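So the structure is just underneath, and the comments pick up after that.
The values are calculated or read from the model by the stated rules, or taken from the named source; none is laboratory data. Please read these numbers as outputs of a predicted model, since none were measured by experiment. With ideal geometry, Cβ positions are generated from the backbone for all residues, glycine too; neighbour counts draw on all protein chains shown. Ligands, DNA and RNA are stripped out before the accessible areas are found, and what is left, the full protein with its side chains, is counted by its heavy atoms. Shrake-Rupley method; radii C 1.70, N 1.55, O 1.52, S 1.80 Å.
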Amino acid sequence: MTEQLRLMAVHAHPDDESSKGAATMAKYVSEGVDVLVVTCTGGERGSILNPKLQGDPYIEEHIHEVRKKEMDEAREILGVKQEWLGFVDSGLPEGDPLPPLPEGCFALEDVEAAAGRLVRLIREFKPQVITTYDENGGYPHPDHIMTHKITMVAFEAAGDPEKYPEAGEPWQPQKLYYNQGFNKPRTIALHEALLARGMDSPYGEWLERWKQFEQRERTLTTYIPCADFFEIRDKALIAHATQIDPDGGWFRVPMDIQREVWPTEEYELAKSLVDTSLPEDDLFTGIRNN
């Protein structure tokens, strides 16, 4: 295949691209693949999760601008392109019963209408492969679930000349994947590897609470070898300083153990219009050299 390979990763908020599939994207960038991150919202309602920055009045007042600058830095580190869809963060409702979502937020948008913005980007960028979240959002954040919904609509509609005719010439992506990097086999493997070495594991509580977030065991179909890009992934994640504590649990597993025990990032093949055989080690299996 002589045509340029293009990968589109659709995410809900700035920082999601660096915590889900970042090493995969950096690997493909190094191979000359054109990679575009689509960020659905500006993260305006995201909490300041880094304790070192909590209480900073400037950050609290200008969180949208701060998160945009963080995204710019992460984009440069990963070597990807990036576009904003322009929707407003829904926040993560908490309580029992849950409070209503704020008016005008992404999760309350009409799905068909919201998908039109993504269709336009698909037709402009022309990706063969798209990654996004599963129907549970990876975890049940309303913006993650909405990201799944509009991506599914856009994948089907982008190649249909009768759908969204105002959004440009039709283009049909060939494969759609769900990010499954936070999977149970990986978590167990790293947890047990740390304990076997006499080290503390940050995953004990994760494993205890797993059933709260996982409605069913996901099918891992695709394992991308990308251990050489784990450090780039971590640098991009740390660039989202309001969201990530560099001394927190994300970074407690030594890099050499990560590379040895689990050197891949995982995906679930959700749709494919090309022939492939599972398991895969390349998102472009069935597309390269066709």
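Computed values, structure above
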| read-out | value |
| --- | --- |
| Which listed residue, of Gly181, Gly204, is touching a strand residue (DSSP E or B) at 6+ places or on another chain (Cβ under 9 Å) and either farther than 27 Å from Met25 by Cα or at pLDDT below 95 (or both) | Gly181 |
| Odd one out for Tyr223, checked against (1) in a helix (DSSP H, G or I); (2) in contact with a strand residue (DSSP E or B) (Cβ under 9 Å, 6 or more places away or on another chain) | (1) |
| Of the criteria (1) open to solvent by 20 Å² or more (accessible area, probe 1.4 Å); (2) in contact with a strand residue (DSSP E or B) (Cβ under 6 Å, 6 or more places away or on another chain); (3) assigned to a loop (DSSP other than H, G, I, E, B), which one Leu283 fails | (1) |
| Residue list for the stretch 121-161, filter: without any contact (Cβ under 8 Å) to a residue 40 or more places away in the chain, more than 20 Å from Gly181 (Cβ to Cβ) and open to solvent by 50 Å² or more (accessible area, probe 1.4 Å) | Lys149, Glu156, Pro161 |
| Residues within the stretch 4-32 that are open to solvent by 10 Å² or more (accessible area, probe 1.4 Å), farther than 18 Å from His141 by Cβ and either among the basic types (Lys, Arg) or in contact (Cβ under 8 Å) with a residue 40 or more places away in the chain (or both), tallied | 5 |
| Of the criteria (1) in a loop (DSSP other than H, G, I, E, B); (2) of a type in the set (Lys, Arg); (3) within 29 Å of Ile130 (Cβ to Cβ), which one Lys52 fails | (3) |
| Number of positions in the stretch 84-101 that are open to solvent by less than 40 Å² (accessible area, probe 1.4 Å) and not in a strand (DSSP E or B) | 4 |
| Residue within the stretch 250-263 that is at pLDDT below 95, touching a Leu at 6+ places or on another chain (Cβ under 7 Å) and not aromatic (Phe, Trp, Tyr) present | yes |
| Residue list for the stretch 18-46, restricted to those being assigned to a loop (DSSP other than H, G, I, E, B) and within 16 Å of Tyr178 (Cα to Cα) | Lys20, Gly21 |
| Members of the stretch 14-57 that are at pLDDT 95 or above, over 18 Å from the mean Cα position of the chain (by Cα) and within 18 Å of Lys68 (Cβ to Cβ) | none |
| Scan of the stretch 62-83 for residues that are open to solvent by 80 Å² or more (accessible area, probe 1.4 Å) and modelled with pLDDT of 95 or more, ordered by number | Lys68, Lys69, Glu73, Glu76, Lys81, Glu83 |
| Yes/no for Thr242 being part of a loop (DSSP other than H, G, I, E, B), open to solvent by less than 50 Å² (accessible area, probe 1.4 Å) and touching a residue at least 12 places away in the same chain (Cβ under 8 Å) | yes |
| Residue check, Phe106 among the aromatic types (Phe, Trp, Tyr), modelled with pLDDT of 95 or more and open to solvent by 10 Å² or more (accessible area, probe 1.4 Å) | no |
| Residues satisfying the stated conditions in the stretch 162-215, i.e. among the aromatic types (Phe, Trp, Tyr), free of Cβ contacts under 8 Å to residues at least 60 places away in the same chain and open to solvent by less than 20 Å² (accessible area, probe 1.4 Å) | Tyr203 |
| Positions within the stretch 38-55 being open to solvent by 20 Å² or more (accessible area, probe 1.4 Å) and over 9 Å from Gln243 (Cα atoms), in sequence order | Glu44, Arg45, Pro51, Lys52, Leu53, Gln54, Gly55 |
